[in-house]
Each structure stands twice: as C-alpha cells, then as structure tokens.
1. Have a look at Gly347, Gly151, Gly269 and tell me which one the Gaussian network model of the chain (Cα, springs below 10 Å) gives the largest fluctuation.
2. Taking the Cα centre of the chain as origin, work out the dipole magnitude from +1 charges on Lys and Arg Cβ and -1 charges on Asp and Glu Cβ, in debye rounded to 20.
3. Let me check against my output: what whole-number percent is the relative contact order of segment 68-133, with C-alpha pairs under 8 Å and at least 6 apart?
4. How much accessible area per residue does segment 195-239 have, in Å², with a 1.4 Å probe?
5. Quote the convex hull volume per residue of the chain, based on C-alpha atoms, as a whole number of Å³.
6. With unit charges on the beta carbon (Lys/Arg positive, Asp/Glu negative), name the residue among His108, Ser44, Pro274 whose Cα is farthest towards the positive pole of the charge dipole of the chain.
7. What is segment 141-254's relative contact order, in percent, from Cα pairs under 8 angstrom and six or more apart in sequence?
8. If you average the sequence gap of Cα pairs under 8 Å that are 6 or more apart and divide by the length of the chain, what percent do you get for the contact order?
Amino acid sequence: MSLIVQKFGGTSVGTIERIESVADKVAEFRRQGHDMVVAVSAMSGETNRLIGLAHEIEEQPTPRELDVLVSTGEQVTIALLSMALNKRGVPARSYTGSQVKIVTDSAHNKARIKQIDDVNIRQDLDQGRVVVVAGFQGTDEDGNITTLGRGGSDTTAVALAAALKADECQIYTDVDGVYTTDPRVVDSARRLDRITFEEMLEMASLGSKVLQIRAVEFAGKYNVPLRVLHSFQDGPGTLISLEENTSMETPAISGIAFNRDEAKLSILGVPDIPGVAYKVLGPISESNIEVDVIVQNVGEDKTNDITFTVHRNDLPRAEAILRATAEELGAREVVTDAKIAKVSIVGVGMRSHAGIASKMFKALADVAINIELITTSEIKISVVIDEKFLELGVRALHSVFDLDKPVPEEDQS
Ligand code: ADP
Ligand code: ASP
Ligand code: MG
C-alpha cells in the first residue's frame, strides 16, 4: 500500500461529468488500498473569469484582494470532488490551503510555500479518508490568503507529496505526458517516457506550461517521484527522473520550449564608457522588472546599443524608465517590440554533442527566420525571433533535431 498524491488540472475537473470521472479514478486507487491525497485546480476557465471580474473593477487590483477572489475557484472543486467521492461510498474531506495549513510567504499572487502542517491530513488518512486539497493557495503567517502563481496547483501537489513523503506524485492533465514540444503546436511531437529534472526545469522556465516551474524545483529538491499522465486515458505518462540517460545514443536535444510572453527594448547610441550597462539596466531592476536576455553591440563610433527583454506586461513601465535614461545619457533612440517570441532547445545531451548551436541557426536560416537575440546556458540555447515565425521555427527545429523519430526501446530506460 502506498501514499499517492494526485493532482487534476482545470480541464480534468471542467464539468460535473469530469469531476465524477475523476472521483471514479480516485475511488479505484483507494479501493486498491492506497492512501490518497488529491489536489485540484479550479474548473477550466474559472481563474481567468475571476481575474476578468477583478479587472472590471480596476486595472491593477489590490494583490491581497485578488488572492481572496481567485482562490475561490479551487474551493468549488474540492467540495464537488469530495461530494462525488462520498456518494461513491469513499469517505473524503476537502480542505482549503489555509485549512490544511499550507504556509507561504506574503508575496501575493506569486507566493512561495514555506511549510505544510500535515496533522489534519494524517488524521484523515489514518481514518481511511481521501483528503482533497485546494491547489494554488495557502496562507501567510498572518492568516492572509495567498496564491502561488498561474499553474500553481502543480506546486501544491508536489509540496504535499514532499511533506507527506509520498511514494509518488501524479500530475493528471489533458495530455498523456511531457512531449518533445507542445503537441498542440507540432503534430509530430512525441511523448517522452522520461525526462531529467534538469531538463524539465529548463523546459518549464522557458515556457512549457505542462508543469509549473516551482513544482519541478520542489520535486528535484525533495526527490519526489513525479509523473505526468492523462486524466482519462491509460498510459505510462512521463517520469521526471533524477538519472540521466547514460546510453551512447543520448539525443543532443530532448525538447523544444517557447513563449510569447516577452517584449524587446533597445537603447541605441549610448556612449561606450564604463558603467553604461549599469546606468541602463539599474533603474529597470530597481523597479522590480525582471530582465531576461541582454545583448550589447559596440559600434565603431564609440557608442553602444543595448537590447534586452522583459515580460510583456512590464513593457510600458520598462519603456518609460528607458526613455528617461536615454534622455539623461544623450542616447540616439529607444525602440521597442512586443511581437517577439523566444524559442529554446533543451537537452543534457548538449554537453556531449558539438555543433548544436550552428545546427540550430542553420535550421532557422533554411526557413528564412531572422534571429534577433541569442542566449545560451549549459543545456539550452534560446533565440528571440519575430512572433509570426514561431510555429514555423519550432517545427523546423523539431525536425532537424530528429525529435519526430521514435527513440529505440533500449534508449528509453
Ligand atoms: P492543467 O490545467 O491540467 O494544469 P495545463 O494547460 O496547465 O494543464 O498544461 C497542459 C498543457 O501544456 C497541454 O495541454 C499542452 O498544450 C501544454 N504543453 C506545453 N508544452 C508541453 C510539452 N512539452 N508537453 C506536453 N504538454 C505541453
Ligand atoms: N487555477 C489556477 C490557474 O488557472 C491554478 C492551476 O490551475 O494550477 O492558474
Ligand atoms: Mg497547469
């Protein structure tokens, strides 16, 4: 008998019929004798609907009140799922984040879990109950409701699994595992039998929303066995594992991630003197705007161009700051572009394969895509391109790195 933490995402609990199906599934695991803790998201579309309501009141709702509002989505699903389980003769109890007590810091809308009190859960499990926990939410030390950022129910599930030392954390969703790239964009994307934590972390941070990045961080840190599966189709899913594939045939690239969340800003013709990069980027970071890719070109006339990217939502603020800096430094021009996309190839195999970057750049050149910015780390290469070429670029890279082709059986384990 094992202790299993399961998480069901928004589409998996999107209707009463689906909640009933989830209850059937959980009940089956319970009948097999497993101790069950289930984290659920809000019904699909509900979190967006609630955020929309808040924006009807004001453009920038108070973060504390927004958390009180959006956390209600998950409260609905925990109650409905517990009812469906009880109806099946499987005793179940629902808990909000603060009832559990999932203690977080006070960073409303993007809180981090600090600690989980397992007393209530353990008591229920000891009495044979299924425990149903609201994903995405917690409480800070002062009792304020907090939420964990979009996609945060994944993190609730993994954190519960870590706190309870569960045997496995199963993330059930609307795809049957982690794919080489988003299967909704590339038809020939393949499900991976396993992917390393390191690669999954990069994929999540570079835009693959199948798992929230903090969930992967938690699972890696606390060594939680983590699997992504389809809610309503049987199959092995994808195991996120600590071990690397040691086979000689390790592919150079395991997956491709992308996002359309960033915007690009350039300040042109600033003097090429020490301290200029700091003068340009210092005020941006002081305003708590996160900068991602940064590139500096030195021109022959002793001036610099500095280009960087920020989250699209931060573009208006970043642009205003940059224009003020440009005036102060006597820069020639500030230009911005919100219609960009970042495409990244990810793979631990990059460490042992040469020529990956040039292969990537050639593949994009062959389909006439201009690369605007480049950034690399040990196991990833990202390029910024025009948003309208995103799908074309991802498909070209998927094919050139042989991700369409099935991996031979012996290389999958
Ligand atoms: P849930 O509501 O269950 O949390 P999400 O919508 O957050 O589901 O995440 C699942 C979605 O992630 C899939 O429907 C898929 O479109 C998208 N996705 C992006 N990249 C990948 C990938 N590499 N593998 C699988 N799914 C991916
Ligand atoms: N309901 C939240 C969201 O839509 C959390 C989650 O689904 O993981 O982001
Ligand atoms: Mg999700």
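The values are calculated or read from the model by the stated rules, or taken from the named source; none is laboratory data. No experiment lies behind these values; they were computed from the predicted model shown. When we count neighbours, we look across all protein chains shown, and the Cβ atoms used for this are built from the backbone with ideal geometry, even at glycine. Just so you know, the surface numbers come from the protein's heavy atoms only, side chains and all, with ligands and any DNA or RNA stripped out. Shrake-Rupley method; radii C 1.70, N 1.55, O 1.52, S 1.80 Å.
1. Among Gly347, Gly151, Gly269, the largest mean-square fluctuation in the Gaussian network model of the chain belongs to Gly269.
2. 760 debye
3. 34 percent
4. 42 Å²
5. Taking the convex hull of the Cα positions in the chain, it is 157 Å³ per residue.
6. Going by the Cα projections, it comes out as Ser44.
7. On the way: 171 pairs, mean separation 38.9, N = 114.
Relative contact order comes out at 34 percent.
8. Value for the chain: 13 percent.
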